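Please read the structure below before turning to the comments.
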Amino acid sequence: MGNIYQSNHPLIKHKLSLLRSVETGPKKFRELIREIAILLAYEATADLSLKEILVTTPMTEASGHQLTEKVGLIPILRAGLGMVEGVWEMMPTAEVWHIGLYRDHKTLQPVEYYNKLPVHPTVQVCVILDPMLATGGSAVATVDILKRWGAKRIKFVAIIAAPAGLDLLQKVHPDVDIHLAAIDDYLTPVPTSPDDPPEGYIVPGLGDAGDRQFGTA
Ligand code: PRP
Ligand code: URA
């Protein structure tokens, strides 16, 4: 059974509050997404396997460690793009595989538009990166794609989740560990007046993570 890990780190909590703020513009928003992603990925990779190695220092020989598993970073386009660069800097030998999905505005179902995974898996651990886990449709679809590819160990790193999305991802893929900065309250319902926000947005959330990063709101 996969686990839900909600970070308690003060730096993440502080940065998340800045990220949520309507006052935060695209440049600062991108910086915060990058920084929070690094901190969450640090926590999410705490169980990677190591082997012992011998290192020659300028003084003598020392025992050291080397990662034994190949990691794949899988950003979900578009909003996951902002999370990948910083995490990649922390683990430069990782492979990056992009999955393109968007949520259909009417049905809220994910629509796949990009996927160039090779025929056979090339990594042992897949870390999916997407700031928002709302209905969970995009997360479930991405894990489906990775499992069809043959991925065995999958982790999902998001910044904010809604309870509905978490429930769905856990129900459909109970073996996937989920790492988060926050679990929010609910998803916006079907609008009943023109002033209402569109359906399926996380509350309190941060709005549209893709639009806020790329300045397309
Ligand atoms: C957002 C977000 C997730 C998805 C979450 O992407 O980045 O991928 O919505 O919603 P779900 O849990 O209900 O599937 P969006 O579809 O807006 O695409 P974008 O990143 O290209 O703007
Ligand atoms: N996608 C977003 O970017 N924000 C939400 O609140 C829900 C889905």
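A short reminder: the numbers here are calculations on the coordinates, not readings from a lab. Everything numeric in this text was worked out from a predicted model, so none of it was measured. Neighbour counts are summed over all protein chains in view; Cβ atoms, including those assigned to glycine, are modelled from backbone coordinates with ideal geometry.
Each Lys or Arg adds one and each Asp or Glu takes one away; over the other residues whose Cβ falls under 15 Å from the Cβ of LYS15, this sums to +3.
Here the simple spin-label model places points 7 Å from the Cα toward Cβ, and for TYR42 and ASP144 these points are separated by 3.6 nm. Mind pulling the angle between the C-alpha long axis of helix 163-172 and the longest principal axis of the chain? Nearest 10 degrees, somewhere in 0 to 90. In the chain, helix 163-172 runs at an angle near 50 degrees to the longest axis.
Loop-located GluC sites (Glu not before Pro) across region 53-85 with a Cβ neighbour count of 16 or fewer within 10 Å are GLU69, with loop assigned by DSSP.
Is the shape of region 1-148 rounded, prolate or oblate, going by the alpha carbon gyration tensor and its root eigenvalues a ≥ b ≥ c, with a/c under 1.5 for rounded and a/b larger than b/c for prolate? It is oblate, given that a/c is not under 1.5 and a/b is not larger than b/c. Positive-end ranking of ILE36, VAL190, THR142 along the dipole of the chain, with charges on Cβ about the Cα centre, is headed by THR142. Bridging of LYS116 to lysines at a Cα separation below 19 Å is possible for LYS70, LYS147, LYS152, once same-chain residues fewer than 8 apart are set aside. The lysines whose alpha-carbon is closer than 18 Å to the alpha-carbon of LYS28, local same-chain residues fewer than 8 away aside, are LYS13, LYS15. In the chain, the DSSP beta bridges split such that about 35 percent are antiparallel, to the nearest 5. Relative contact order of region 34-76: 31 percent, from C-alpha pairs under 8 Å at least 6 residues apart in sequence.
From most to least packed by mean Cβ count within 10 Å, the peptides 203-210, 91-98 give 203-210, 91-98.
Going from the residue with the fewest nearby Cβ atoms within 10 Å to the one with the most, VAL157, VAL127 rank VAL127, VAL157. Which residue, chosen from HIS14, THR24, LEU54, occupies the Cα position most advanced towards the positive end of the dipole of region 1-60, where the dipole is computed from +1 (Lys, Arg) and -1 (Asp, Glu) charges on Cβ about the Cα centre? Result: THR24, furthest along the dipole toward the positive end.
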